Amino acid sequence: MDLTNDTNDSEWSTYVDQSYDGKSDHDQDLFIERDGVLFAGTHLILDCWGAKNLTDITHIEKALRDAVEVTGSTLLHIHLHHFTPNGGVSGVAVLAESHISIHTWPERDYAALDIFMCGDTEPKKAITVFEEAFEVEEIKVIEHQRGVVESTVENRNRKQ
């Protein structure tokens, strides 16, 4: 993958994936149907309390890679940033199917994770990966179906 640093007037770097050919994913519809509902994907919000290993950027990267593997998603890029002086980390694993992001507050033993995946993936499998990787004492998970089109059962009934 050819990532080119697109310089602009901002002090922040922007990276553009120049390898996209404009047609490789064109005809692929990654909306999914589950339990009679057609939607874009599953969005999980994780609040992890009593968490450990929140300043170890190598450990965090491994946890992200492990989550990508168990969910059956496709990793495009990982970017992590280490903050000082508290050592917190913010980052994202950019996926072909969307993303996993993490933000840590080691001074609070807290990590916030955001997992959004479309297509034929299993995002809920990432929960166990993060619970184990960060030795979480308490976790709160919120699940949301993004881009709900309609109930496919209702749609079928309308067409009859």
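The values are calculated or read from the model by the stated rules, or taken from the named source; none is laboratory data. All figures in this text were calculated on a predicted structure; none of them were measured in a lab. Glycine also receives a Cβ, built like all others from the backbone with ideal geometry; neighbour counts cover every protein chain displayed.
Just give me the residues in segment 52-73 being crowded, with 16+ Cβ neighbours inside 10 Å and either at positive phi or small (Gly, Ala, Ser) (or both), in sequence order.
Hits for segment 52-73 are Asn53, Ala63, Ala67, Ser73.
Can you confirm whether segment 64-81 contains a residue that is among the acidic types (Asp, Glu), touching a helix residue (DSSP H, G or I) at 6+ places or on another chain (Cβ under 8 Å), under 17 Å from Asn53 (Cβ atoms) and in contact (Cβ under 8 Å) with a residue 60 or more places away in the chain?
Yes, segment 64-81 contains at least one residue that is among the acidic types (Asp, Glu), touching a helix residue (DSSP H, G or I) at 6+ places or on another chain (Cβ under 8 Å), under 17 Å from Asn53 (Cβ atoms) and in contact (Cβ under 8 Å) with a residue 60 or more places away in the chain.
Residues of segment 111-126 being closer than 19 Å to Asn53 by Cβ and surrounded by fewer than 19 Cβ atoms within 10 Å (Cβ to Cβ), which ones?
Once the filter is applied, which keeps residues that are closer than 19 Å to Asn53 by Cβ and surrounded by fewer than 19 Cβ atoms within 10 Å (Cβ to Cβ), segment 111-126 yields Ala112, Asp114.
Is it the case, given these coordinates, that Thr104 is touching a strand residue (DSSP E or B) at 6+ places or on another chain (Cβ under 6 Å), among the β-branched types (Val, Ile, Thr) and buried (at least 20 other Cβ atoms within 10 Å of the Cβ)?
Judged against the criteria, Thr104 is a match.
So for segment 93-101 (the condition being in a strand (DSSP E or B), surrounded by fewer than 14 Cβ atoms within 10 Å (Cβ to Cβ) and not small (Gly, Ala, Ser)), does at least one residue qualify?
Scanning segment 93-101, I find no residue that is in a strand (DSSP E or B), surrounded by fewer than 14 Cβ atoms within 10 Å (Cβ to Cβ) and not small (Gly, Ala, Ser), so the answer is no.
Considering segment 117-150 alone, what residues qualify as being part of a loop (DSSP other than H, G, I, E, B) and of a type in the set (S, T, N, Q)?
Thr121
Restricting to segment 53-92, count the residues that are over 15 Å from Glu131 (Cα atoms) and either assigned to a strand (DSSP E or B) or in contact with a His (Cβ under 8 Å, 6 or more places away or on another chain) (or both).
Total meeting the criteria: 15.
Looking only at segment 93-110, how many residues end up being touching a residue at least 40 places away in the same chain (Cβ under 8 Å) and within 13 Å of Leu64 (Cα to Cα)?
1
Among the residues in segment 6-22, are any at pLDDT 95 or above, of a type outside the set (S, T, N, Q) and part of a loop (DSSP other than H, G, I, E, B)?
No; the residues of segment 6-22 include none that is at pLDDT 95 or above, of a type outside the set (S, T, N, Q) and part of a loop (DSSP other than H, G, I, E, B).
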